[in-house]
1. How many of the residues in the stretch B:596-615 are aliphatic (A, V, I, L, M) and under 30 Å from B:P235 (Cα atoms)?
2. Suppose we keep only residues that are part of a strand (DSSP E or B) and more than 7 Å from every other protein chain (Cβ to nearest Cβ) within the stretch B:542-597. Which one would you say is farthest from B:A295 (Cα to Cα)?
3. Just to be sure I understand, how many residues within the stretch A:4-19 are loosely packed, with under 14 Cβ neighbours inside 10 Å and either more than 14 Å from A:I231 (Cβ to Cβ) or touching a helix residue (DSSP H, G or I) at 6+ places or on another chain (Cβ under 7 Å) (or both)?
4. Take the conditions at pLDDT 90 or above and either among the polar types (S, T, N, Q) or surrounded by 24 or more Cβ atoms within 10 Å (Cβ to Cβ) (or both) and apply them to B:G260. Does it pass?
5. Six or more apart or on different chains, Cβ atoms under 7 Å: show the pairs whose first residue is in the stretch A:263-291 and away from chain B (no Cβ under 14 Å) and crowded, with 19+ Cβ neighbours inside 10 Å and whose second is at pLDDT 85 or above and part of a loop (DSSP other than H, G, I, E, B).
6. Would you point out the residue of the stretch B:151-203, among those that are under 26 Å from the mean Cα position of the chain (by Cα) and of a type in the set (K, R), that is farthest from B:A257 (Cα to Cα)?
7. Count, please, the residues in the stretch B:524-541 that happen to be in contact (Cβ under 8 Å) with a residue 40 or more places away in the chain and either within 7 Å of another protein chain (Cβ to nearest Cβ) or small (G, A, S) (or both).
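The values are calculated or read from the model by the stated rules, or taken from the named source; none is laboratory data. Remember, predicted model here, so these are calculated numbers, not experimental data. Backbone-built Cβ (ideal geometry, glycine too); neighbour counts: all protein chains shown.
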Amino acid sequence: MNAFLLTGIQIVAVLGISPFTVGLVRMFKARLQGRHGASPFLPYITIATLLKKQMVISKSTSWVFKIVPFVVLGSTIFLVCVLPLVVFGGMFASLGHFIIIAGVLALGAVFLVMGGLESASAFGGMGASREMTLASLVEPAVITTFATFAVVTGAFTIDAMFQGAHILTSPALVPAVAALIMIALAENARYPVDNPATHLELTMVHEAMVLEYSGPYLALLEYASAIKLTIFSLLVANVLFPLTLASNLSAAAIAIALGFVVVKIVIVSFSLALLESVIAKMRFYRMHEFLTIAFFIALSGLVFALMSISL
Amino acid sequence: MDINFMASVILFSLIGSLISAFFSFVGKEGKQHKAIMIFLALSTGVGAVAGMFFLLSGQTQWVIFQSSWIFGAPLILQTLSALFFVLLNTVACLASIYAIQYVEQYRNIYNVKTLDSLMAIFIFGMQGVLLSATPFSFLLFWEIMSLSSFFLVMADKEIASIRAALFYLIMTHLGAGALLAGFMILSNGSFLESFTRLAFIAQQLPPQTLFGVFLLFLFGFGSKAGLVPFHVWLPEAHPQAPSHISALMSGVMLKMALYGFFVLTLTILPPIGMVASMIVIALGLLSAFFGVLYAVIERDVKRVLAFSSIENMGIIFTMVGVAFFAQSQNLIAFSHAAIGAALLFAIAHAFFKSGLFMGAGVMVHAAHTRSLEAMGGLAKRMPLFSGAMLILALSAAALPPFSAFAAEWIFIQNLVSELSAASLLVQGVFVLILTLVALVGGLALFAMIKLFGIGFLGEPRSEHVEHADVPGNLISVPIYILAGLSVVVAFCAPWVLRVIKFNDLSTADGLQSNLIASGAALNPLYLFLALVIAIAAVFVLRRFLSDVKNERPYHTWDCGQPITSGMEYTATAFSSPIRFFFRMITRSGKIVTVTPIVETNTWIASRVFSLELRQIWYDWFYVPITKIFLRASTAIRRLQNGVIQFYIALIFIALVLTLTIAI
């Protein structure tokens with residue numbers, strides 16, 4: 001029962017704060033660029049408005065187009081259920097094997113890709129091709145990063161990994177965390193991989209795929225990408241500060257954990273906005289360099305971890 | 001049920017294949033096609049059931065047929081061969097049902113009589129390979145299998161098919177020659193010795209000889225399994241065969257090579273040691289990487305699948321190699337687990353790859369070409385069929401919760417958990433395998449989504465697809481069954497592992513059945529349910545929060561000018577980033593010719609794009625060998641000068657030389 005309630009709290013907290021995360025990044029970015037920017041709560045209104053709007057469905061599409069939003073959001077919610085985001089030891093934590101996490105991330109990505117191809121326009125195809133490239137080439141970095149955590153902590157679920165991963169006592173995790181941050185940028189289509197703010201065919205990946213979606217379907221997809229951003233923000237923060245999570249059901253622990261969620265989201269959002277304001281987007285055809293660097297950083301982490309064990 | 005009865009059922013399924021071959025051959029031109037395919041489906045179907053019965057009975061050996069003067073030792077069924085026997089007969093049964101209507105469509109291209117007959121002989125050969133217990137019968141059935149499939153590859157009598165078939169014939173006979181030599185050394189020349197006796201002889205051989213024997217067998221089985229660099233025939237031969245034959249060749253015949261390799265390394269040879277296992281791992285990883293890379297950039301739907309088979313066999317052989325490597329490092333539990341993972345992957349592969357090849361037959365029939373560039377839009381026209389193909393493609397991509405994922409989970413879980421305690425050398429090998437398997441997994445995802453996305457989604461890229469009909473029931477139902485099996489194998493993975501006697505990899509207890517890998521447990525059913533419930537919850541919530549009927553159809557946003565299917569992304573364009581990133585390896589030749597239309601403005605021009613996909617193994621390995629042989633034979637041809645005394649002298653010299661070597 002405890003585990004069930006803990007997971008419930010986590011789901012409500014993450015699903016509730018996700019649009020705020022996106023709004024906050026946009027606001028920080030606007031401020032850094034000298035604009036006033038919209039309220040961080042605007043995405044809630046956007047999603048609510050989209051849910052009410054009429055949908056325009058392209059005649060080129062088939063049944064696949066219609067299941068994409070559900071699979072993408074569903075797989076993202078699955079991740080919220082199994083990962084340690086607000087609490088440790090949730091009900092589904094035992095399903096959080098790192099290979100499953102990598103697989104479910106890929107599952108969401110491929111359905112999004114299929115949605116892009118369904119539109120039968122060059123935009124959709126372009127976004128699909130790019131996203132598919134990123135999703136497939138990021139895989140070695142993801143597996144190597146989590147393998148490092150597994151070696152250091154001796155655990156295989158992300159939940160147990162993060163409980164045992166203390167970055168101060170095992171410095172081999174530093175490259176792993178760096179790789180995790182690079183993976184997070186690639187998975188969430190942020191700088192330097194993708195520019196989330198444009199609708200220009202030269203730069204876009206994620207936006208190009210969802211171009212043909214409108215109304216409630218677009219709401220689902222936008223919400224899914226907001227949740228994914230929140231998941232990765234919290235993951236990166238939690239691996240650095242694992243003590244900020246609740247692991248029992250006492251009111252105090254939960255309140256502290258929830259408070260920390262807001263603090264972590266604010267800090268990560270600001271860092272992301274700062275990063276996106278100071279670096280440029282990379283050319284897509286140089287993306288393999290970024291992903292190769294991520295992979296080699298992860299690999300060096302794994303090598304350090306193995307060395308530190310055998311020494 | 002009585003064991004003798006079930007054993008005779010298995011014998012019946014063997015004889016059934018022979019009978020169908022015979023009646024098809026003597027019958028009138030294709031008149032009994034339907035009856036023969038139904039009979040073949042029945043005989044293979046009961047064979048599958050009997051094989052399943054054996055696996056469930058928990059016995060270790062059934063004698064199927066005893067006759068000391070034909071094969072030396074009796075034909076027997078054991079756990080390993082029974083597993084492959086069930087796979088073979090299941091796929092063969094479905095392929096026969098599929099063939100009923102599929103072959104009808106191409107009645108004027110294929111000679112139906114010989115096609116059916118050869119197919120039955122092909123199945124008979126594979127059944128025989130699995131039951132053999134002596135080198136003689138093994139090689140006999142192996143040859144029946146190879147030769148019948150050689151004729152099947154050129155069933156449509158096109159030049160390309162004949163070339164592919166001849167290439168296949170050469171490669172398969174080089175392989176068979178290696179097997180023959182290997183068995184010759186092991187059995188001291190007496191081919192009627194049983195495999196148990198061979199194992200005894202092998203223990204007395206010096207290690208160098210054993211290593212040589214191992215290399216011979218590795219080449220023999222590796223060339224059949226399509227391991228790089230002996231794979232070049234596979235992407236030529238498999239696509240040229242009719243689709244149900246491609247399904248049998250890719251889904252099952254490759255497994256025969258795997259089975260042979262298992263028999264040799266697990267039951268005949270003593271533990272093969274570290275160096276030999278590293279050779280297997282190297283070949284496996286090389287195949288997986290090259291296979292998947294070409295699966296990504298190929299544009300012919302059946303070639304994509306053929307390359308994907310090379311990749312899958314590469315992964316399986318990597319797992320097998322790791323098993324032997326672990327054995328040589330005294331990691332016995334891991335060794336056992338890796339073999340379990342390889343077998344589970346092989347089961348998954350038999351189902352999804354046969355299904356995909358049969359589905360490719362439907363796609364090719366709809367588009368009138370094998371090129372993906374002419375497909376698209378099939379999902380709208382054949383919703384159910386496309387759903388089955390999506391499941392098969394996602395299984396092939398090893399995504400959770402589908403079948404191949406369970407195997408990869410067991411393998412990677414074990415690999416990572418062994419990392420920390422291992423020695424430096426082992427760590428290095430394991431890290432290399434881990435990263436390459438992850439890379440291959442990512443690219444396999446790309447290949448499969450390209451296949452499905454370009455083939456089924458969006459607008460049709462050709463007239464033919466525009467008017468494509470839904471495939472007939474007899475064609476689509478086998479594909480649905482294979483898609484269903486891919487899902488069932490995923491849920492029942494713990495149970496499947498119990499049946500093939502890998503009890504340490506699973507706990508089977510109703511709904512609580514878990515996969516076990518080095519202490520970690522995973523319930524595949526719960527994983528599936530969790531994903532489905534999450535998706536269903538979104539579906540239900542959306543119905544509460546918004547009006548479902550509030551939508552209208554309209555064309556895709558077109559920037560103000562009409563949009564045509566020519567503006568869609570093609571398979572070439574879709575895979576272009578990967579081709580670009582790996583251009584050092586693939587060496588594909590891209591040529592864009594620009595001809596200005598208006599002289600004053602160079603931007604208004606017509607552009608012709610051509611892309612040549614080259615295979616570096618072919619260019620750099622096989623072509624030079626061919627050249628050397630051609631040059632040598634041109635030089636030797638001078639001997640042919642028409643002087644009869646000279647020829648007699650040559651014969652004499654040859655005889656003396658042979659005798660000297662023999663003595």
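1. So the answer is 3.
2. The qualifying residue farthest from B:A295 (Cα to Cα) is B:P596.
3. Let us first name the residues in the stretch A:4-19 that are loosely packed, with under 14 Cβ neighbours inside 10 Å, namely A:4, A:12, A:16.
From the residues that got through so far, the ones that are either more than 14 Å from A:I231 (Cβ to Cβ) or touching a helix residue (DSSP H, G or I) at 6+ places or on another chain (Cβ under 7 Å) (or both) too are A:4, A:12.
So the answer is 2.
4. Details: at pLDDT 90 or above: yes; either among the polar types (S, T, N, Q) or surrounded by 24 or more Cβ atoms within 10 Å (Cβ to Cβ) (or both): no.
Considered against the rule, which asks whether it is at pLDDT 90 or above and either among the polar types (S, T, N, Q) or surrounded by 24 or more Cβ atoms within 10 Å (Cβ to Cβ) (or both), B:G260 comes out as no.
5. Sorted first by the residue in the stretch A:263-291, then by its partner, the pairs are A:L272/A:R190; A:E276/A:R190.
6. B:K157
7. The qualifying residues number 2.
Per-residue answers, yes or no, for (1) of a type in the set (A, V, I, L, M, F, W, C); (2) under 12 Å from the mean Cα position of the chain (by Cα); (3) in a helix (DSSP H, G or I); (4) surrounded by 24 or more Cβ atoms within 10 Å (Cβ to Cβ):
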| position | (1), (2), (3), (4) |
| --- | --- |
| B:S308 | no, yes, yes, yes |
| B:I316 | yes, yes, yes, yes |
| B:A323 | yes, no, yes, yes |
| B:S335 | no, no, yes, no |
| B:A338 | yes, no, yes, yes |
| B:H349 | no, yes, yes, yes |
